[in-house]
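Throughout, read-outs are computed from the coordinates displayed, never taken from laboratory work. All values reported here derive from a predicted model rather than from experimental measurement.
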Amino acid sequence: MNDDCPKCGGYMKLEEKDTSSGRDIREYKCTKCGYSDWEDRGTAMWKLLSDAREEAEAKQASSTANTPAVSEAPASKWKRFFAIFSRTRKK
């Protein structure tokens with residue numbers, strides 16, 4: 001927004017910035033004559049970051065759903081200990 005008031009040429013001061021709707025909406029008010037105006041500056045930054053995070057989480061969830069399950073290690077300590085010796089060695 002231009003710093004000059006369209007009515008009197010005075011300074012337009014930022015009065016309110018609202019991003020609760022997901023849009024960056026700013027309201028300005030002239031310090032000289034009291035004229036107020038607003039502008040929509042597009043999608044709010046928090047909304048962009050939130051959407052990107054949700055997209056990344058969905059992509060990760062779909063990729064983990066497509067991978068085969070990893071075999072679990074033996075539960076007891078003895079079974080894990082003996083599992084080391086029962087593996088075949090490469091020569």
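A few points about this structure:
- Nonlocal amide H pairs with LYS13, under 5 Å, H built at 1.01 Å: LYS29, CYS30, THR31
- Set of aspartates and glutamates with alpha-carbon distance to LYS17 below 20 Å, sequence-local pairs under 8 removed: ASP3, ASP4, GLU27, ASP37, GLU39, ASP40
- Phi angles across the stretch 33-41 convert, under the Karplus curve 6.51 cos²θ - 1.76 cosθ + 1.60 with θ = phi - 60°, into 3J(HN,Hα) values of 10, x, 4, 10, 8, 9, 9, 9, 9 Hz, Gly and Pro given as x.
- Taking the convex hull of Cα positions in the stretch 1-52, its mean projected area over all directions (nm²): 3.5
- Amide H contacts for TRP38 (H built 1.01 Å from N in the peptide plane; partners 5 or more residues away or on another chain; cut-off under 5 Å): TYR28.
- Amide hydrogen neighbours beyond the local backbone of ALA44, cut-off 5 Å, H modeled: ARG23, ASP24
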